[in-house]
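**Student:** Got a structure for you, questions after.
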Amino acid sequence: MHWPIDEPEGGSVPFRPHPPASDGDPGLPDPARVDPLVLGALLDRHGWRRRGGAAGRYARWTPPGPGGHRTSLLVPESRAFPDCEDLLSEALTALARSGTPSAREVLVGLGLPSDEIRWTRDVPQGPSGALTWTAQEQLRSAARQLLLAGALAVRGRAGYYGGRHRRQAQASLEPVVVGAAPGGRGLTAFVPVDAGRPLAVRLYHALYAAREAVDYQRATGGMEAFDTAVQAGVSRELTEALVALVRGAEGARIALSWAPAAGAPEGCAARPEPVEFSPGDLPALREAGARYMSDEPSVPVRITGAVVRMRRAGARGEGTVRLRVLAGAEVPHVRVSLDEESYRTAVHAHLVGLPIRVVGRLERRGGFRRLTDASGVVPVQVDDAERDRLMKSLHENLDFFEEACGGD
């Protein structure tokens, strides 16, 4: 079963369509487009065993586990032989019909050239060897947090992101599909090479940097390694994801494998060793997360935004507005405290369907969603289409005007 890594609100999880399929079977990759070497590499990665075959022509592969000898695939060594496509078609059909869990993983890897990120947690088993619902949800949640931390690091390096870049980072995860191991003990994300290779590379460097920083802290008590690890992609968001992955488990590991069709990216090991974390690492990870949040400075910005909510205590004096950010900061909304004159300017701009421009500092407290030291509030001219949309929003939210005008 495969589904998007980012679940929609409401709890339902739509199935993501599988990659391009062959004309003969809508659930299989097209044999004419399958590279035999890639198929062999994927079978080897997922534990299938090579048991001979005609040298130089084809190899015989059997699935992992007991009884694997009863099922076998003939995979050609290259496309140089006339029967290559027939053998590939038979092998793909056998994989689709196989009860071996890894067979589906191989098919996904063929149809969607992807880097694979695999999470496993050492936790007590439930009935029949399966994990409890809570344990499976914890694994899924931690994996999603880790992917999001990697996507944030692709957008730029920071010790703490808060609300910055989050919308764009979440959008970049849409092509990712995931599959759960039998019993829910593991989870694999397939990150498409075309759209997601930067994410996989960033996570590769960030995970190893986090592991080295934890080792340094446990050996010396110093946190300096976490400071330099920010440039590798380590952040509060990543340390929180690792804490969520390890908490309640005897240990956890993350393994990354590159798409055989694309090969290893520059600066990365061809066969990366899994990165492991244990409960003994949690104090260092928690301390690093707190350090990142306290050390990340506020950010000077010049924001253009549409006023979507206004409030002040009386008919006069300062007030607070909420802006939908149009430009100037990588956050969707900010709250701004304004003096009386600036607040009046914001109200008038909202009444005529215009956004405002304001200068200030995005504060890390609250996740960079609050603007302080606001000044220079002025209306901004926009095109007719945007102004019409803002006016429509105004009429849909007339109930906010009593708050905006202080109850008069």
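**Student:** Return the residues of the range 225-262 that are assigned to a loop (DSSP other than H, G, I, E, B) and farther than 12 Å from Thr120 by Cα; say none if nothing qualifies.
**Tutor:** Scanning the range 225-262 gives Gly233, Val234, Ser235, Arg247, Gly248, Trp258, Ala259, Pro260, Ala261, Ala262.
**Student:** Step by step: first the residues of the range 223-245, then only those that are surrounded by fewer than 24 Cβ atoms within 10 Å (Cβ to Cβ) and more than 18 Å from the chain's Cα centre (by Cα), then the one that is farthest from Gly267 (Cα to Cα). Which residue is that?
**Tutor:** So the residue we want is Met223.
**Student:** So, Arg286, is that one of a type in the set (Lys, Arg), open to solvent by 60 Å² or more (accessible area, probe 1.4 Å) and within 23 Å of the chain's Cα centre (by Cα) or not?
**Tutor:** Yes, satisfied.
**Student:** Can I ask one more? Has the range 170-192 got at least one residue that is modelled with pLDDT of 85 or more, part of a helix (DSSP H, G or I) and touching a helix residue (DSSP H, G or I) at 6+ places or on another chain (Cβ under 8 Å)?
**Tutor:** yes
**Student:** Please find, within the range 364-378, the residue that is least open to solvent (accessible area, probe 1.4 Å) out of those that are at pLDDT 90 or above and either more than 11 Å from Arg302 (Cα to Cα) or β-branched (Val, Ile, Thr) (or both).
**Tutor:** Val377
**Student:** Quick one: which of Glu318, Glu266 is over 28 Å from the mean Cα position of the chain (by Cα) and at pLDDT below 95?
**Tutor:** Details: Glu266 fails: over 28 Å from the mean Cα position of the chain (by Cα).
Selected residue: Glu318, the only one of Glu318, Glu266 that is over 28 Å from the mean Cα position of the chain (by Cα) and at pLDDT below 95.
**Student:** In addition: Scan the range 186-222 for residues that are over 22 Å from the mean Cα position of the chain (by Cα), buried (at least 21 other Cβ atoms within 10 Å of the Cβ) and of a type outside the set (Gly, Ala, Ser) and jot them down.
**Tutor:** If the condition is that a residue be over 22 Å from the mean Cα position of the chain (by Cα), buried (at least 21 other Cβ atoms within 10 Å of the Cβ) and of a type outside the set (Gly, Ala, Ser), then Val214 is the only one that fits.
**Student:** Further, regarding this structure: For Ser72, indicate whether it is modelled with pLDDT of 75 or more, touching a Lys or Arg at 6+ places or on another chain (Cβ under 7 Å) and within 23 Å of Ala32 (Cα to Cα). If you could, list the steps in order and put the result at the bottom.
**Tutor:** Details: modelled with pLDDT of 75 or more: yes; touching a Lys or Arg at 6+ places or on another chain (Cβ under 7 Å): yes; within 23 Å of Ala32 (Cα to Cα): yes.
Taking the combined requirement at face value, the residue satisfies it.
**Student:** Among the numbered criteria (1) open to solvent by 40 Å² or more (accessible area, probe 1.4 Å); (2) touching a Leu at 6+ places or on another chain (Cβ under 7 Å), which single criterion is violated by Ser294?
**Tutor:** Ser294 satisfies every listed condition except (2).
**Student:** Which members of the range 90-136 meet the condition of being open to solvent by 40 Å² or more (accessible area, probe 1.4 Å), within 16 Å of Gly179 (Cβ to Cβ), assigned to a helix (DSSP H, G or I) and at pLDDT 80 or above?
**Tutor:** Ala96, Arg104, Gln136
**Student:** Further question: Check whether at least one residue in the range 249-256 is open to solvent by 50 Å² or more (accessible area, probe 1.4 Å) and more than 14 Å from Leu146 (Cα to Cα), and report yes or no.
**Tutor:** Yes, the range 249-256 contains a residue that is open to solvent by 50 Å² or more (accessible area, probe 1.4 Å) and more than 14 Å from Leu146 (Cα to Cα).
**Student:** Continuing with this model, one more query. Name the residues in the range 263-275 that are of a type in the set (A, V, I, L, M), in a loop (DSSP other than H, G, I, E, B) and either touching a Leu at 6+ places or on another chain (Cβ under 7 Å) or surrounded by 11 or more Cβ atoms within 10 Å (Cβ to Cβ) (or both), would you?
**Tutor:** Across the range 263-275, the qualifying residues are Ala264, Ala269.
**Student:** Shifting gears a bit: Here is a check on your reading of the model: is Ser393 of a type in the set (Ser, Thr, Tyr) and at pLDDT below 90?
**Tutor:** In short, yes.
**Student:** Return the residues of the range 350-370 that are of a type in the set (A, V, I, L, M) and either farther than 9 Å from Ala306 by Cα or free of Cβ contacts under 8 Å to residues at least 12 places away in the same chain (or both); say none if nothing qualifies.
**Tutor:** Within the range 350-370, Leu351, Val352, Val358, Val359, Leu362 qualify.
**Student:** May I ask you to list the residues in the range 102-125 that are of a type in the set (A, V, I, L, M), under 17 Å from Glu276 (Cβ atoms) and touching a strand residue (DSSP E or B) at 6+ places or on another chain (Cβ under 6 Å)?
**Tutor:** Once the filter is applied, which keeps residues that are of a type in the set (A, V, I, L, M), under 17 Å from Glu276 (Cβ atoms) and touching a strand residue (DSSP E or B) at 6+ places or on another chain (Cβ under 6 Å), the range 102-125 yields only Ile117.
The values are calculated or read from the model by the stated rules, or taken from the named source; none is laboratory data. Because the structure is predicted, anything quoted here is derived from the model rather than measured. Cβ atoms come from the backbone with ideal geometry, glycine included; neighbour counts cover every protein chain shown. When the accessible area is computed, the model is the full protein with side chains, heavy atoms only, and any ligands, DNA or RNA have been set aside. Shrake-Rupley method; radii C 1.70, N 1.55, O 1.52, S 1.80 Å.
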